[in-house]
Structure formats: C-alpha cells, structure tokens
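Take a look at the structure set out below.
Values quoted throughout were computed directly from the atomic coordinates according to the rules given, and no laboratory measurement underlies them. Model, not experiment: these values are computed from the prediction. Methodologically, a virtual Cβ is constructed for each residue, glycine included, from the backbone with ideal geometry; neighbour enumeration extends over all protein chains shown.
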Amino acid sequence: MSQYQYQHDLLKFSDEVLDALKTGKPVVALESTVIAHGLPYPDNVATAIKIENAVRAGGSIPATIGIENGKFIIGMTEADIDRFASTPGIPKVSSRDIPIILAQGGMGATTVASSLVAAEIAGIPFFASAGIGGVHRGAETSMDISADLIQFTRSKVAVVCAGAKSILDLGLTLEYLETQGVPIIAHKSDDFPAFYCISSGHRSPHRLDDEEMIAKAIEMHWKLGNSSSVLITSPIRAEDAIDREQVEIVIKQAALQAEKDGIRGPGATPYMMKAVGLATEGRTVKANMSVVISTAELAGKLAKAHATYLNRQRSADKA
Ligand code: PSU
Ligand code: MN
C-alpha cells in the first residue's frame, strides 16, 4: 500500500489503526449509524465498545468510522465513540451525503455504504455490520433500495453480516445482489439469515465453513478484476434469535404505521427498527445487541484468516 493512503487528506487515522495497517495486521472497519441512530445513550457506547472488543477477540484491530472536521475518522478513540453516541442530531450519512458533510465540516454517522467508501480509501479490506440495508418492502412503488446494495457493486471490501435487516424484502434483496454479481457466502449455515432471525426462508447461494477457503474465494473474486464486495453471512446465536413468524407480525404492523405517518427516505430504517423494538418490549433490541457482537467477532476471525492467507501467498510467490 502506498504512503499516500496514510497521508490522505480526507482520512484521520487513530494511532492503533495506522500502526496495524503499516505492519500488516488485520483490521475490520465498523459503521457509526448504529451508534448514533440505532440505540439510546449510554447503551450505544457500551455496545460500540463491545463490538470493538469482539473484533479483537476474533484476532483483528477494530476501526470504527465516522465523519468530523471534513475528514473520515478511521478508528474512533473511546472519546470519539462517546461524542458520536451522545451528540444529538448527528446526520445519517449514506453514499450521496458524503461530499456535502465533508465540505461543511460537521459530524456524520456513516452507514454501511459510506463506511465502505472510507474503508476502501483507507486500505481496509474487511467490514462488519449486523444487518446490511437492502430492498425495502414495497420498493416496487417506493423505489426505496438502500445505497448499501449499490455500494457493494463499487467497493472492494469483504462484508461480514447476519444478512439484511428483517424489516426489508429479503427475497428482492437477494435478487438484486444476484443481478449485480455480488458473491454471497454463508458461513456454517445453509440459509441467508435475517438479522434477528436465523433464516430469511431463502437459501444462500453458497456455503463455506472453512475460513481459509473463504479468504481464498474473496481473493479469487478480486483476482478476476472485480472491484465489488463479497458478502459473508452468519446467523444470530440460536439462544438470542427471534422466531420469524412472530417478528413478521410486528414488522407488518410497524410498516402500516410508517405509511400512515408518511415516513420515507433515510428515516425509514431507524423508524422501523425503533417501532419493532417498542412492539417487542426490547426483545429485538436484545437480539440486535447479540448479533452485532457475533458478526464482529466472526469478521475479526475472517480478517485474520485473510491476512494469513495473503502472507502465505506472498511467501509462496517469492519462493
Ligand atoms: N442500525 C440501526 N439503524 C440504522 C442503521 C443501522 O439501528 O439506520 C443503518 C445502517 O447503517 C445501514 C442503513 O447501512 O441503516 C441502511 O439504511 P437505508 O435503508 O436508509 O440505506
Ligand atoms: Mn432508502
């Protein structure tokens, strides 16, 4: 990687992440919308730290991403996390919003899409999020498709997740990813998971249980000249999972209420997540906390396996 990346005028690295990248240690990028919009203060601080610790437990260095003072923060300190968790009104920044927020110099909470933009510039090949965005229910009339999906077609980053959020249309989300040629690998499961639920009811196109094989498949995708993402999915732990039929009833009710309230655009996902949390008396919030941690830990393991694989390839090439 060139020195240019480390001195990029749009990136502000933490010392730890900068050192990790320079010395070839595995790094996992993380989003900040889940901190600023996903959970109330101070639960969001505790969860953000637990997510980072889970990446470490997996064997990699966490790099939580956000925007402030006209730059992407690549690796938040605890003080940064506290500020992003407690400052009210931080805008949710997706791909289209990045240039304006950078130009204005204010704070921005990055979604999956905008975190991938930053991770790629920073040279971080792994990212973790419990639930990616996708095709919203009713998209055939609203045309609400998360920019996360479009960003997967543009960013050369491996994305570890527990599938897409249950509030979305997961069948259409899979169709979109198939059309765009984004590989999906289910780790130790047959189905595409649904965030709070073990299965979306849809089979995953591929299953690989071996971590080195996953690293190899990711590299194959990029060797072919693709500059898009590879998705690796892993379901929520069985003991924290919510039954699909149960959560469906609640999601359908929340969707009706969202329509009555005229909720559209970037507010739709946070509105639905909150409504479902209230209707289940916090059960989905608890599931959310479990799944953010399990996906972060797996991402830590896979990023480490990927770094080991690359090092072995390089030594083999030299020999
Ligand atoms: N978690 C939450 N609320 C959110 C998100 C996560 O509890 O709003 C964000 C994620 O950052 C994800 C984004 O990338 O929602 C997708 O939103 P949209 O459908 O507006 O693209
Ligand atoms: Mn949208």
Theoretical gain in end-to-end length, residue 15 to residue 121 [0.36 nm per residue, Cα-Cα removed]: 36.5 nm
Dipole magnitude of the chain about its Cα centre (Cβ charges: Lys, Arg +1; Asp, Glu -1), debye to nearest 20: 460 debye
Separation of the residue 209 and residue 310 label points, Cα + 7 Å toward Cβ, nm: 2.8 nm
Above-threshold pairs, the threshold being 19 Å between Cα atoms, out of 260/286; 92/274; 92/286; 71/92; 92/165: 260/286; 92/286
Vicinal HN-Hα couplings computed from phi for region 25-40 (Karplus, 6.51 cos²θ - 1.76 cosθ + 1.60; Hz; Gly/Pro x): 7, x, 10, 10, 7, 9, 7, 10, 5, 4, 6, 7, 10, x, 9, x
FRET efficiency, residue 222 to residue 104 (Cβ-Cβ, R0 30 Å, nearest 0.05): 0.30
Candidate lysines - alpha carbon under 17 Å from residue 25, same-chain residues fewer than 8 apart omitted: 301, 304
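Calculate the dipole size of region 160-301 relative to its Cα centre from +1 charges on Lys and Arg beta carbons and -1 charges on Asp and Glu beta carbons; express the result in debye to the nearest 20. List each step's numbers first, then the result.
Working: 15 positive and 19 negative charges, 66 e Å.
Charge dipole, region 160-301, about its Cα centre: 320 debye, nearest 20.
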Long-range HN-HN contacts of residue 203 with modeled amide H, under 5 Å: 192
Spin-label model distance (nm) - residue 202 vs residue 77, 7 Å beyond Cα toward Cβ: 4.3 nm
Amide H contacts of residue 232 (H built 1.01 Å from N, under 5 Å, at least 5 apart or other chain): 159, 160, 161, 185
Residues whose placed amide H lies under 5 Å from that of residue 61, excluding near-sequence neighbours: 27, 28
Using θ = phi - 60° and Karplus 6.51 cos²θ - 1.76 cosθ + 1.60, couplings along region 152-158 (whole Hz; Gly, Pro as x): 4, 7, 10, 10, 7, 9, 7
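Ranking request for peptides 232-245, 30-43, 143-156, 305-318: highest mean number of other beta-carbon atoms within 10 Å first, then the rest in descending order.
30-43, 143-156, 232-245, 305-318
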By average C-beta atoms within 10 angstrom, highest first, the peptides 157-165, 295-303, 61-69: 157-165, 295-303, 61-69
Helix-derived mean residue ellipticity, 222 nm - over the chain, DSSP H n ≥ 4, -39500 (n - 2.57), to 500: -14500 deg cm²/dmol
Cα-projected label distance for residue 56 with residue 246, points at 7 Å along beta-carbon direction, nm: 3.4 nm
